Amino acid sequence: MSIEVQHVNKAFGDFKALNEINLAIESGELVALLGPSGCGKTTLLRIIAGLEKPDSGHIIFNGDDVSKRDVRKRNVGFVFQHYALFRHMTVFDNVAFGLRMKPRRQRPSETEIRAKVMELLQMVQLDWLADRYPEQLSGGQRQRIALARALAVQPEILLLDEPFGALDAKVRKELRRWLANLHEEINLTSVFVTHDQEEAMEVADRIVVMNKGVIEQIGTPAEVYENPANEFVYHFLGDSNQLQLNDQQIQFRPHEVELSRQAAPELQAGIVRDIRPLGAITRVTLKVAGQEQPIEAEVVRDNINLIGLQRGQTLFFRPNAS
Amino acid sequence: MSTLVLSTTRQRNLGALTLIGCAWLVFLVFLVLPLYVVLSEAIQQGYASFFTAVLEPDAIAALKLTLIAVGISVPLNVVFGVAAAWCVSKYEFRGKSLLVTLIDLPFSVSPIIAGLVYILLFGAQGFFGEWLAEHDIQIIFAIPGIVLATLFVTVPFVARELIPLMQQQGTQEEEAARLLGASGWQMFWHVTLPNIRWGLTYGVVLCTARALGEFGAVSVVSGHIRGFTNTLPLHVEILYNEYNHVAAFSVATVLLVMALLMLILKQWAQERLEK
């Protein structure tokens, strides 16, 4: 199901949370709303879900204006950052909740509900936890249960609010790959909110970069990274170096650099401050004379210039932004 | 070095022991001793006179009236308390802090004043007095007055217990329920109520205990008509003023037993709440 957001505005008192937001999401897409905290991304997600009313503007699902439609009639699955599992219910009852709340005529029988719930629990690989209570589960398990619960009512849209925000780094990485795979399988139009650019880059088909209530850029991960629309997007999507060259200020990413042990006219000199092996790449921090900010250079770990390199030595470099 | 550590722990133990000892002493003198006196006075002339006093028609009538007042005021307070706590914790609106302050009013106002206010409103010379007399409705010196007075003094208990609990729990589970298609009523019944049940039980127990024992406000509006408008606490006072100590303490024992029962229930609810 496609989602269209048209001219949406929302203010909380004097604070303008969203300013003229226009966005079109195609059926089956996985879109990330990316931005720093307070940029309005969660508000936008909640407006799409119907949890929040926009001051003006429209939300359109598959051509139908749902702006006036109540939350429970919008048929969206929603996953909260802090899971919002029903704490007094078992995992099974949590997942079954949406099915049991259906009007009597549409409600499946208990046997059908059982089959459906167990199928969902198998999908999230947690069927062995059916009788536990949420507080007995780890964060990653809770989030997968929350996802199963949201999918139980067969939503046509899945909305996820910082779904991995409360998890530790390793679980986070696992879970987002898993989510990307799941999306491949069930191909549900999905929107997720994140402040983590790496997460957005890794999972999303398209990224919507937001800042201070406006959309700065919409594009595929490659587009927004390689052709950032403005300074904000450039800085938000990755680390960057600033180098004062004569009277010119140059910006480049840490990996957009060429190193050398030999001086040459086109190269800058820097004193090695730190060498950090980070797995596949190694980060070298260089201090350039006459500028406060150090330069970070990231090169593959077997780069020839790294052999025998020590702190305090002088290294020569050149930004080679493509 | 080790002796130094030893002596400080011993000192701390001594300090702690003194404090604990003081607490027990206060507890014994101000709480246990009076309870013991009530019981021993009640049965000093044997169990027969105890039961005579307790089963006497006026005492039974007083017990009934007390139970009626509790039976009406507690459910009403549950409805009001849940509704108020819901409003305060789940919505933002103008005058919210005023409402929260007003809920506490019965805690700060003397019950006697509460009683007097009802006399001024509903008494024969009161604000609604004429209208009530015309329609032959008796509030003051009758059961409705007693129920109203009890209601007034017990208003804060349920709401006060639930507001912090519901604020802490937030609205996300309710939102999740709505998103999964639950109606307002289903959401309340399946999500909100189970989450607050122990807090609610705790509030209800406190509210009941207070309603059972309320003296001041009820005393003003009751008129002290034996067998008709006397609640148990008022009955105890009358017996005591008539120098009928055995009967007074016997009826007091009934109140005491009910209070202890409430205390046990309270403890039980609290333990579950803390889980």
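Only one of the numbered conditions (1) touching a residue at least 24 places away in the same chain (Cβ under 8 Å); (2) within 10 Å of another protein chain (Cβ to nearest Cβ) is violated by B:Leu180, and that is (1). A:Arg177 satisfies every condition listed in (1) basic (Lys, Arg); (2) farther than 28 Å from A:Thr285 by Cβ; (3) touching a strand residue (DSSP E or B) at 6+ places or on another chain (Cβ under 9 Å) except (3). Determine, yes or no, whether B:Ala182 is outside any helix (DSSP H, G or I) and of a type in the set (Gly, Ala, Ser). Considered against the rule, which asks whether it is outside any helix (DSSP H, G or I) and of a type in the set (Gly, Ala, Ser), B:Ala182 comes out as yes.
Tell me which residues, restricted to segment A:103-139, are farther than 13 Å from A:Val153 by Cα and β-branched (Val, Ile, Thr). Those that are farther than 13 Å from A:Val153 by Cα and β-branched (Val, Ile, Thr): A:Thr111, A:Val124.
Can you say whether A:Arg283 is surrounded by 15 or more Cβ atoms within 10 Å (Cβ to Cβ) and basic (Lys, Arg), as far as the supplied structure shows?
Values: surrounded by 15 or more Cβ atoms within 10 Å (Cβ to Cβ): yes; basic (Lys, Arg): yes.
So A:Arg283 passes the test.
Checking each residue in segment A:105-147 for being β-branched (Val, Ile, Thr) and modelled with pLDDT under 90 picks out only A:Val124. Only a single item in (1) without any contact (Cβ under 8 Å) to a residue 12 or more places away in the chain; (2) assigned to a helix (DSSP H, G or I); (3) within 8 Å of chain A (Cβ to nearest Cβ) is not met by B:Trp189, and it is number (3).
If I ask for residues that are acidic (Asp, Glu) and either loosely packed, with under 13 Cβ neighbours inside 10 Å or at pLDDT 90 or above (or both), which ones from segment B:57-113 would you list? Matches in segment B:57-113: B:Glu92 only. You will find that of B:Phe157, B:Phe127, B:Phe93, the residue that is aromatic (Phe, Trp, Tyr), free of Cβ contacts under 8 Å to residues at least 24 places away in the same chain, more than 30 Å from A:Pro134 (Cα to Cα) and more than 14 Å from chain A (Cβ to nearest Cβ) is B:Phe127 and no other.
Summed over segment A:215-256, the residues that are over 18 Å from the mean Cα position of the chain (by Cα), part of a loop (DSSP other than H, G, I, E, B) and either crowded, with 18+ Cβ neighbours inside 10 Å or on the phi < 0 side of the Ramachandran plot (or both) give a count of 9.
Scanning segment B:165-176 for residues that are assigned to a helix (DSSP H, G or I) and either at the interface with chain A (Cβ under 7 Å from one of its Cβ atoms) or polar (S, T, N, Q) (or both) returns B:Gln167, B:Gln168, B:Gln169, B:Gln172, B:Glu173, B:Glu175, B:Ala176.
Here B:Trp131 meets each of (1) closer than 30 Å to A:Arg149 by Cβ; (2) surrounded by fewer than 16 Cβ atoms within 10 Å (Cβ to Cβ) with one exception, condition (1).
Return yes or no: is B:Gly203 of a type outside the set (Asp, Glu) and more than 10 Å from chain A (Cβ to nearest Cβ)?
Numbers: of a type outside the set (Asp, Glu): yes; more than 10 Å from chain A (Cβ to nearest Cβ): yes.
For B:Gly203, the condition - of a type outside the set (Asp, Glu) and more than 10 Å from chain A (Cβ to nearest Cβ) - is met.
Selection over segment B:203-240 of residues that are in contact with a helix residue (DSSP H, G or I) (Cβ under 8 Å, 6 or more places away or on another chain) and part of a helix (DSSP H, G or I) gives a count of 26.
Determine whether B:Gly145 is surrounded by 13 or more Cβ atoms within 10 Å (Cβ to Cβ) and part of a loop (DSSP other than H, G, I, E, B). Here the answer is no, as B:Gly145 does not meet what is asked.
Condition first: hydrophobic (A, V, I, L, M, F, W, C), assigned to a helix (DSSP H, G or I) and at pLDDT below 85. Can you find one or more residues in segment B:133-140 that meet it? The answer is yes, given that some residue of segment B:133-140 is hydrophobic (A, V, I, L, M, F, W, C), assigned to a helix (DSSP H, G or I) and at pLDDT below 85. In summary, helices (runs of 4 or more DSSP H) completely within segment A:21-125 and bearing 1 or more residues that are within 9 Å of another protein chain (Cβ to nearest Cβ) and in contact (Cβ under 8 Å) with a residue 24 or more places away in the chain occur at A:41-49, A:91-100. Any residue that is of a type outside the set (Lys, Arg), at pLDDT 90 or above, in contact with a Phe, Trp or Tyr (Cβ under 8 Å, 6 or more places away or on another chain) and crowded, with 17+ Cβ neighbours inside 10 Å - is there at least one of those in segment B:207-219? Yes, some residue in segment B:207-219 is of a type outside the set (Lys, Arg), at pLDDT 90 or above, in contact with a Phe, Trp or Tyr (Cβ under 8 Å, 6 or more places away or on another chain) and crowded, with 17+ Cβ neighbours inside 10 Å. Anything in segment A:153-172 that is in contact with a helix residue (DSSP H, G or I) (Cβ under 8 Å, 6 or more places away or on another chain) and surrounded by fewer than 24 Cβ atoms within 10 Å (Cβ to Cβ)? List them, or say none. If the condition is that a residue be in contact with a helix residue (DSSP H, G or I) (Cβ under 8 Å, 6 or more places away or on another chain) and surrounded by fewer than 24 Cβ atoms within 10 Å (Cβ to Cβ), then A:Val153, A:Ile157, A:Leu158, A:Asp161, A:Glu162, A:Ala166, A:Leu167, A:Asp168, A:Val171, A:Arg172 are the ones that fit.
The values are calculated or read from the model by the stated rules, or taken from the named source; none is laboratory data. Keep in mind that this is a model prediction, so the values were computed, not measured. Here Cβ is always computed from backbone atoms with ideal geometry, including for glycine, and neighbour counts include all displayed protein chains.
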